Amino acid sequence: MGTYPINWNLDSLYEGGSGSADFARLLDQCDRALDGYEKVLAALPERPGGEWARAALELQKIARDVWEAIAFIECLQARNVEDGRADLLMARAEAMNARQRSYRTRLGTLLLSAGDEEWRAFLAREELIAIAFPLEEQREVMRLKMDTNREVLAEELAVDGYHGWSRLYEKMAGSLRAEWTEGGETSRISMGQLHNKMENPDRETRRLAFEKLEEAWRSVAHPTAMALNNQAGFRLGLYKHRGWDSALDEPLRINRIRRETLDAMWGVVADESRRLLPFMERKCRLLGIDRMKWYDQNAPIGGSGRGYTYDEGAAFILEHFGGFSPDLRDFAAMVFEKGWIESEDRPGKRAGGFCTDFPIHRETRIFTTFGGTYGGVSTIGHELGHAYHTWLIRELPFWTTQYPMTLAETASTFCETLLLDAALETAESDAERLTLLAQKAEEAVTMMMNLRARFLFESAFFEARAKGALGPEELDEMMTRAQKEAYCDGLDPEGYHPLFWASKLHFYITSMPFYNFPYVFGYLFSNGIYARATAEGPAFAKRYENLLKDTGRMTCEDAARKHLGVDLARPEFWKSAVDIVLDGVERFNELADKS
């Protein structure tokens, strides 16, 4: 029996899991509130005032409650993939969420009807000052959209149309199987299991896994291309009716950054990516191969490293969190002690890890499967960063806790980097350091090359899709061109992944178009902040907390200007962040040359 529980406590939120009577009451309460909100909207006067303010605050409460419901169901589904009752609850909760989004669209149209002077007076009301930013943002978005009736119609049609193609893709991806023979036994395995085989130390195993992956996706290339084309067609059609010129307009607004900032970031990444090629060359030498192919990217270098029990991992995290901020350490200790982490390695759990928050209870829960390695410790540290971010903003109005994806990885990547540097400092051998530095360098390749290839592909795809649908062969060629450019021709000419457009789920996520650049932004932004923390020491901790508190109530540029004194639309900040990342890569190169 360890010091800390390895199973999370969900009963302290709603006792009884998917059969919880308390949770059923929450869902019923949400339904009643949504039903009643129709009357609230219908009774609102034409001009802004107290009734408008009460309507906004009531909708914020509905959104908060629906968020909590979805978070709880996600936890139920993650801890037990066979919980069919939770699946039914999720269908109900997602329908509620669609209704509250529709109401927010209608409220936004009403906000738009106010004159500028009326609007300023409205936002100055005492009860609205704290949510002025999200209200202003909603009004500005509605200014750029169609009229209310057409927007509501588009949202309703998207459920079974636009989002339906995403669900179709997920169904295809989930049911796709390949035959795999191991230990004399042949079985049919999923694409996720097949992808994991490409982390095997044996190159022949990696090669065979990659070939089977390509073969499986080739067998469904035509329906997969249909899903991609039709999703993009819906989006481009909607943008045309809104009068939007670029497929990037929406993702830029969702992520609260300007095009100038995005261009500055990608410009530096493009200029500096070649500095990763020496790492790839040294990794090839250590692996005993001439040129790297796609399936070699995650091949392990060295052993698995030091092992950790769950309690040892927790102690490591607490010690090194405390070196940066006693508040961060105390928060993490509370999470471990209260059982907010589900870490047990057992069958029946969902794969992966996540952190979710419960805004009514003002708590978080972390889901992972701890395997006793440093990677498992790092994952918990990463998710604790998310949890700490949520903890710092728990008292704020719900709408101001909704930070964009560009800033969502700030605290998590910061904590992950903090722990990796600590692991390097305490490593017991050069072999262990080499393994850790390889992880750092491989992440840089993923962010600066792999993610950039996705962005280049998606940009080219939307431009071409505006002229008509593309077939699998055209998509293959487009993806290969993007990969060659992003990887600076650093892979074997025959070693790219042309079907990556089919195998990567991120291209099919309809809630977040261009699900690529926010990762790179968050990665580099966090590394830039970490450099400040390293240079300034413990004095930086309070500034760091204040930055996190503002992530849901200002743009990325404004947050960086206020708390870091930098202009994100200029390349200097991004160059300094890339230099920090590549410093770790160069340390790997130096150590590899001694091996």
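The table that follows gives values for the structure above.
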item	result
Residue match in the stretch 135-153 (condition: open to solvent by less than 80 Å² (accessible area, probe 1.4 Å), touching a Phe, Trp or Tyr at 6+ places or on another chain (Cβ under 6 Å), within 30 Å of E58 (Cα to Cα) and part of a helix (DSSP H, G or I))	no
Selection from the stretch 428-444 of residues that are surrounded by 15 or more Cβ atoms within 10 Å (Cβ to Cβ) and touching a helix residue (DSSP H, G or I) at 6+ places or on another chain (Cβ under 8 Å)	R433, L434, L436, L437, A438, Q439, K440, A441, E443, A444
The stretch 342-372, subset part of a loop (DSSP other than H, G, I, E, B) and acidic (D, E), residue farthest from R64 (Cα to Cα)	D345
Qualifying residue in the stretch 227-242 (condition: open to solvent by 20 Å² or more (accessible area, probe 1.4 Å), more than 22 Å from the chain's Cα centre (by Cα) and within 22 Å of C556 (Cβ to Cβ))	no
The stretch 51-110, residues that are open to solvent by 60 Å² or more (accessible area, probe 1.4 Å), within 21 Å of the chain's Cα centre (by Cα), modelled with pLDDT of 95 or more and not hydrophobic (A, V, I, L, M, F, W, C)	R64
Yes/no for G16 being in contact with a helix residue (DSSP H, G or I) (Cβ under 9 Å, 6 or more places away or on another chain), surrounded by fewer than 13 Cβ atoms within 10 Å (Cβ to Cβ) and closer than 20 Å to L88 by Cα	yes
Unmet criterion (only one of (1) surrounded by 16 or more Cβ atoms within 10 Å (Cβ to Cβ); (2) over 30 Å from the mean Cα position of the chain (by Cα)) for L10	(2)
Residue within the stretch 294-312 that is within 25 Å of V585 (Cα to Cα), outside any helix (DSSP H, G or I) and touching an Asp or Glu at 6+ places or on another chain (Cβ under 6 Å) present	yes
Hits in the stretch 454-478 (condition: without any contact (Cβ under 8 Å) to a residue 12 or more places away in the chain and farther than 14 Å from R235 by Cα)	E473, E474
Residue in the stretch 522-542 that is at pLDDT 95 or above, open to solvent by less than 20 Å² (accessible area, probe 1.4 Å), over 16 Å from Y403 (Cα atoms) and not polar (S, T, N, Q) present	yes
Pairs, first at pLDDT 95 or above in the stretch 271-299, second open to solvent by 70 Å² or more (accessible area, probe 1.4 Å) and among the acidic types (D, E), C-beta under 7 Å, six or more apart	C284/D290
Residue match in the stretch 461-477 (condition: aromatic (F, W, Y) and buried (at least 23 other Cβ atoms within 10 Å of the Cβ))	no
Verdict on A531 being under 20 Å from W294 (Cα atoms) and either among the aromatic types (F, W, Y) or in contact (Cβ under 8 Å) with a residue 12 or more places away in the chain (or both)	no
Condition met for P5 (outside any helix (DSSP H, G or I), farther than 23 Å from T364 by Cβ and either without any contact (Cβ under 8 Å) to a residue 12 or more places away in the chain or in contact with a strand residue (DSSP E or B) (Cβ under 9 Å, 6 or more places away or on another chain) (or both))	no
Every residue from the stretch 154-164 that is more than 19 Å from R104 (Cα to Cα) and surrounded by fewer than 16 Cβ atoms within 10 Å (Cβ to Cβ)	D160, G161
All positions within the stretch 547-595 that are assigned to a helix (DSSP H, G or I), open to solvent by less than 30 Å² (accessible area, probe 1.4 Å) and either in contact with a Cys (Cβ under 8 Å, 6 or more places away or on another chain) or over 24 Å from P134 (Cα atoms) (or both)	F573, W574, A577, V578, V581, L582, G584, V585, F588, N589, L591, A592
Residues within the stretch 174-190 that are out of contact with any helix residue (DSSP H, G or I) (no Cβ under 6 Å at 6 or more places or on another chain) and surrounded by 16 or more Cβ atoms within 10 Å (Cβ to Cβ), tallied	3
Qualifying position, being touching a Leu at 6+ places or on another chain (Cβ under 6 Å) and open to solvent by 10 Å² or more (accessible area, probe 1.4 Å), among G307, G302	G302
Test: residue in the stretch 195-209 that is polar (S, T, N, Q), assigned to a helix (DSSP H, G or I) and more than 30 Å from T510 (Cβ to Cβ)	yes
Verdict on E250 being open to solvent by less than 60 Å² (accessible area, probe 1.4 Å), within 30 Å of A559 (Cα to Cα), among the acidic types (D, E) and within 26 Å of the chain's Cα centre (by Cα)	yes
Criterion: closer than 19 Å to N527 by Cα, crowded, with 21+ Cβ neighbours inside 10 Å and among the acidic types (D, E) - qualifying residue of E425, E409, E342	E409
Residues located in the stretch 384-397, provided they are touching a residue at least 40 places away in the same chain (Cβ under 8 Å) and open to solvent by less than 20 Å² (accessible area, probe 1.4 Å)	L384, A387, Y388, H389, I393
Tabulated pairs, the stretch 88-107, first closer than 16 Å to D65 by Cβ and among the polar types (S, T, N, Q), second modelled with pLDDT of 90 or more and in a helix (DSSP H, G or I), C-beta under 6 angstrom, 6+ apart or interchain	N97/V66; Q100/I62; Q100/A63; Q100/V66
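The values are calculated or read from the model by the stated rules, or taken from the named source; none is laboratory data. This structure is a prediction, so every number in the text was calculated from the model and none was measured. Methodologically, a virtual Cβ is constructed for each residue, glycine included, from the backbone with ideal geometry; neighbour enumeration extends over all protein chains shown. Note: areas computed on protein heavy atoms with side chains; ligands, DNA, RNA excluded. Shrake-Rupley method; radii C 1.70, N 1.55, O 1.52, S 1.80 Å.
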